[in-house]
Each structure stands twice: as structure tokens, then as C-alpha cells.
Amino acid sequence: MTNKIKTGILLPDIHYPFESKDCIRAIQRMMADYKWDYLAYMGDAMQMDTVSHWLQNKKRPLEGKRLKKEYEGFQADILDTFENIAGKRCEKIYLIGNHEDWINQAIDENPQGEGFLELENNLKLKDYTIVPFNKVYKLGKLRLIHGYYTNLHHAKKTVDVFGR
């Protein structure tokens, strides 16, 4: 019986296009030295200001921003780059965070956008396991979640509820 230790990269809260480019480059350099079993985007990979309920009806903060442009940049700058480094055999996981969930909220407000706005229709996620917002993904003994709780002691609350 072999208990191979699996290696993975967990990428929480990138908030593209506001990511730390130095941090992203450092992760990519480190990744190039190893073979990876899994790569997980753990929610809020994109900022998604154009569909943010916080910026609804505020024109100035959205000046020059377009959802399509954010999708295209994220695909090229983040997804494609990390996939090339991680390799084809690497299991890929994409957890929907609250920022990505703003797409669903935008579709609820404007159902005519259904079929056009969703991540799956704008990013190449065919080889990904997509984990819905506020759902837990089990990866062996590891549990991945973007986050249920936003109170002062959210980490303790999460451990108390999930028991790990």
C-alpha cells in the first residue's frame, strides 16, 4: 500500500486584475521546480467589479472596466499560465467565491444575461471541477472552502462548525 503525499497549489483571493504581480511571479517560479497533483483557485480569483452589487449605479468606479476584458485577461494572465506550469495531469479545481457569485446576482437582476455572463461561458474551465459558492470540496483529508463566515472570529467559527 502506497500513501503518496500529494502536492498542490492553493490560490485564494487573487482578485484579478488587482493581484500582486510580484507574488504571482514568485508562485510561478516556485511551481516550475515541482510536479503538482492539484491546483485550486479558492474563490475571488477575479475582482468582478463590473457586476458588483456594491458598485451598482455608480458610473465613475466602472469607467473603462468591462467584464469581457476581465475574463480575457484572467484567462491569459492567470489560468493559462498556471495550467502550463502545473501540467496536464494536474487536477484543477475552481471554487466560486463571493465575487464570482456576483455573476449569479447580476443574472437574477437581469435574466437576459443568462448564457452570456457565466464563468463557464467565458473561461476555459472544461477540465476543472467547479465548486459552487459556499460548498466544501473534499480533497483527501483536506477540506477546501472559500469561506462561510464573515464575523470577527470567522476562523474559529469555521473550525467549530466543520470540526477541522
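How many percent of the accessible area of the chain is carbon or sulfur, using a 1.4 Å probe?
Working: 5690 of 10760 Å².
Carbon and sulfur together cover 53 percent of it.
Taking N as the number of residues in segment 40-129, what is its alpha-carbon radius of gyration divided by 2.2 N^0.38 Å?
Rg over 2.2 N^0.38 Å, computed on Cα atoms: 1.14.
Using Cα springs under 10 Å in a Gaussian network model of the chain, which residue among Gly147, Gly97, Gly64 shows the largest mean-square fluctuation?
Comparing Gly147, Gly97, Gly64 in the GNM, the peak value goes to Gly64.
Run lengths n ≥ 4 of DSSP H only: what is the helix-derived mean residue ellipticity at 222 nm for the chain, with -39500 (n - 2.57) per run over all residues, to the nearest 500?
Details: 5 runs with 47 residues, N = 164.
Helices in the chain give a 222 nm mean residue ellipticity of -8000 deg cm²/dmol.
Keeping every protein chain present and rolling a 1.4 Å probe, give me the accessible area per residue for the chain in Å².
Averaged over the residues of the chain, the accessible area is 66 Å².
The values are calculated or read from the model by the stated rules, or taken from the named source; none is laboratory data. On a predicted model such as this, the values are computed, not experimentally measured, just so you know. Heavy atoms of the whole protein, side chains included, go into the accessibility calculation; ligands, DNA and RNA do not. Shrake-Rupley method; radii C 1.70, N 1.55, O 1.52, S 1.80 Å.
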